[in-house]
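First the structure, in the form of structure tokens, and then the observations on it.
The values are calculated or read from the model by the stated rules, or taken from the named source; none is laboratory data. Quantities reported herein were computed from a predicted structural model and do not represent experimental measurements. Here the Cβ positions follow ideal geometry from the backbone for every residue, glycine too, while neighbour counts run over all protein chains shown. Surface accessibility is based on the protein's heavy atoms, side chains included, excluding ligands, DNA and RNA. Shrake-Rupley method; radii C 1.70, N 1.55, O 1.52, S 1.80 Å.
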Amino acid sequence: MFSKDTYVSRRQRLKELVGDGVIILFGNNEAPANYPANSYAPMRQDSSFLYFFGQHREGLVGVVDVDNNEEWLLGDDIDIEDIVWMGFVDSVVDLAAQVGVQKTAPMSKLPELVKGRNVHFLPPYRHDTKIQIMDLLGLHPSQQKEKASLKLIKAVVKMRATKEPQEIEAIERACDVGYIMHTTAQLLIKPGVTERFVGGMVDGVARSMAQGVSFATIFSQHGEIMHGNPSDAKLEAGRLALCDAGCELNDYCSDNTRTMPVSGKFTQRQLEIYSIVEQCHDYVLEVAKPGVKYRDVHFAVCRLMTERLKELGLMKGDTDEAVAAGAHAMFLPHGLGHMMGMDVHDMEGLGQIYVGFDEETRPNLEQFGTNCLRMGRRLEEGFVVTDEPGIYFIPHLIDLWRKEGHCKEFLCFDKLETYKDFGGIRIEDDLLITSDGCRFLGSKRIPYHPQELEEFMNAKQ
């Protein structure tokens with residue numbers, strides 16, 4: 001939690017941006033894993049509620065009455081049975097005072113506060129919240145995303161997109177735990193160790209040094225699968241292992257990816273592909289800055305990647321024409337990065353079209369690969385985005401495009417056939433947009449340059 005003044009000033013700014021009506025920000029409730037008393041733990045609070053009201057307790061709702069210039073924290077105080085099992089927690093009155101809210105009431109007060117009012121709420125993503133909105137406003141869950149307040153969405157995105165100095169410090173601390181997570185994996189990787197073991201040890205670092213992981217850890221020898229969770233498969237000599245993992249610390253996230261040779265040394269073929277991803281990753285530092293569209297950074301990386309893949313005989317033809325046709329998506333079927341902050345895909349639940357795009361920059365939902373671009377708008381000082389280029393060889397995609405003749409004038413399918421056993425490579429770091437450029441976050445850089453990575457991995461011997 002930040003200072004009380006932080007939350008007071010954020011709510012004041014929110015009132016100015018929304019302008020009228022009454023704003024409801026729903027906190028989260030505990031969610032049962034497999035029976036009512038066995039909840040997922042720890043409980044994860046809603047990020048926008050945290051941003052404006054700062055409290056982690058379940059069963060709370062924040063109300064900002066713009067018309068009457070009032071702020072409320074609603075919730076029911078715990079009873080003795082809760083205290084016996086879970087321990088004492090502060091009263092709702094005390095919680096409100098900690099974040100500068102003057103008015104409190106039990107949850108039963110909420111219908112009275114919103115009756116007959118112009119109500120602003122964000123798109124709900126949890127079923128219990130959807131039921132709460134249905135009971136409160138008479139809106140069926142199927143209508144709630146459409147009826148969510150665009151004014152409120154845009155106000156929250158505007159505020160949360162630009163990170164305050166204290167938020168940047170929090171992300172830096174999360175990145176420092178991310179360093180330990182990834183270097184732990186790099187020191188454990190060797191033939192015979194299971195994916196599940198390495199992934200579990202990475203998760204253990206996040207649980208012991210932070211609030212936990214910021215998303216389900218990806219650790220797999222099948223790096224061509226974007227979200228390959230750890231399996232019981234044993235690591236094999238000569239293959240690559242991809243680790244995409246991050247932590248959540250003090251409500252802010254880290255998100256990094258590294259790809260390592262299981263044997264501790266890249267083969268020549270692996271090094272050729274890896275060096276392209278490495279160059280693309282580092283090139284972002286040269287071109288990302290305020291005023292530049294991240295979509296343009298993405299396509300600059302795609303052109304660089306295409307040029308390098310042509311040198312290896314995997315692509316051919318005019319580079320600009322190849323990228324315009326989407327041929328590069330054979331190798332990079334996702335965007336260069338996404339917003340990051342309190343959520344690892346920051347505010348994605350509010351609608352990517354409002355977070356990563358705006359009235360000036362619109363998404364292209366028709367072209368394969370480009371339709372997965374999560375961040376395209378102009379960069380501004382204080383934005384935090386991920387920089388995560390990759391090259392993947394997906395056998396089923398190779399087969400499909402070859403059968404259809406898709407982008408055949410730009411792709412060398414005979415050569416691609418020889419890479420079906422390759423896997424995939426991704427390198428990812430978290431990028432802060434500064435006044436005149438950008439920089440990576442975290443006090444230490446997780447080894448990724450080939451020589452330093454091999455030396456680090458082999459230092460365990």
28 Å Cα-Cα threshold exceeded, pairs from K265/K415; K163/K293; K234/K420; K234/K316; K265/K420: K234/K316
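Going down the table (K109/K130; K109/K145; K15/K130; K158/K289), which pairs top 21 Å between alpha carbons? Intermediate results must be reported in sequence, preceding the final value.
Details: K109/K130 18 Å; K109/K145 24 Å; K15/K130 24 Å; K158/K289 18 Å.
As for pairs spanning more than 21 Å Cα to Cα, those are K109/K145; K15/K130.
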Check which residues have an amide H placed less than 5 Å from K293's amide H, if you skip close sequence neighbours. L379
Pick out, from C175, N29, T306, the residue whose Cα sits farthest towards the positive end of the charge dipole of the chain, with +1 on the Cβ of Lys and Arg and -1 on the Cβ of Asp and Glu. T306
Could you tell me how many degrees, from 0 to 90 and to the nearest 10, lie between the Cα long axis of helix 195-209 and the main elongation axis, the longest principal axis, of the Cα atoms of the chain? 40
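Could you report the chain's accessible area per residue, 1.4 Å probe, as an integer in Å²? The partial results should precede the final answer.
Values: 19950 Å² over 461 residues.
Per residue, the chain has an accessible area of 43 Å².
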Just flag the trypsin sites (Lys or Arg not before Pro) in region 212-288 sitting in loop per DSSP whose Cβ has no more than 16 other Cβ atoms within 10 Å. K265
In whole Hz and in residue order, list the ³J(HN,Hα) couplings for region 221-234 that follow from phi through the Karplus curve 6.51 cos²θ - 1.76 cosθ + 1.60, θ = phi - 60°; x for Gly and Pro. 7, 9, x, 6, 8, 4, 10, x, 6, x, 10, 7, 5, 7
Add +1 for every Lys or Arg and -1 for every Asp or Glu among the other residues with Cβ under 11 Å from the Cβ of H222, and state the total. -2
Given 5 Å bins starting at zero, what is the percent of C-alpha pairs of region 40-97 in each, up to the one with the largest pair distance? 4, 15, 25, 24, 17, 8, 4, 2, 0
On a 1.4 Å probe surface of the protein chains, which of L122, L25 comes out largest in accessible area, and what is the full order? L122, L25
Run through the DSSP bridge list for region 1-153 and note the antiparallel percent, rounded to the nearest 5. 65
Under 18 Å Cα-Cα from K147, which aspartates and glutamates qualify once same-chain neighbours fewer than 8 residues away are excluded? D20, D128, D135, E348
Once you have a ≥ b ≥ c as the square roots of the Cα gyration tensor eigenvalues for region 88-169, tell me rounded if a/c is under 1.5, and otherwise prolate or oblate according to whether a/b is larger than b/c. oblate
Using 0.36 nm times the number of residues separating I225 and N118, minus their current alpha carbon distance, what extension gain do you get? 34.0 nm
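For region 387-438, what is the convex hull (Cα atoms) projected area averaged across all directions, in square nanometres? List each step's numbers first, then the result.
On the way: hull surface 21.0 nm².
Projected over every direction and averaged, the Cα hull of region 387-438 covers 5.2 nm².
Considering only DSSP beta bridges where both residues belong to the chain, give the percentage that are antiparallel (nearest 5).
Among the beta bridges of the chain, antiparallel pairing accounts for roughly 85 percent.
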Between 0 and 90°, nearest 10: helix 268-287 axis offset from the chain longest Cα axis: 50
Stretchable slack from F197 to M107, in nm (0.36 nm times residue separation minus alpha-carbon distance): 28.0 nm
The simple spin-label model distance between L365 and S443, using points 7 Å out along Cα→Cβ, in nm, is 4.5
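Convex hull over the alpha-carbon atoms of the chain: what's its volume per residue in Å³?
On the way: hull volume 73.7 nm³, N = 461.
Here the figure is 160 Å³ per residue.
Counting each DSSP H run of 4 or more residues in the chain as -39500 (n - 2.57), what helix-only mean residue ellipticity at 222 nm follows after dividing by all residues, to the nearest 500 deg cm²/dmol? Present the calculation step by step, with values, prior to reporting the outcome.
Details: 17 runs with 183 residues, N = 461.
About -12000 deg cm²/dmol.
With the contact rule set at Cα under 8 Å and sequence spacing of 6 or more, what percent relative contact order holds for the chain? Can you show the working numbers first?
On the way: 877 pairs, mean separation 66.4, N = 461.
Dividing the mean separation by the residue count of the chain yields 14 percent.
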Rounded to the nearest 10, the angle in degrees between the Cα long axis of helix 294-311 and the longest principal axis of the Cα atoms of the chain comes to 20
Specify the longest stretch of the chain that does not include any exposed loop site, a site being one of the chymotrypsin sites (Phe, Trp or Tyr not before Pro) with a non-H, G, I, E, B DSSP assignment and at most 15 other Cβ atoms within 10 Å. 126-367
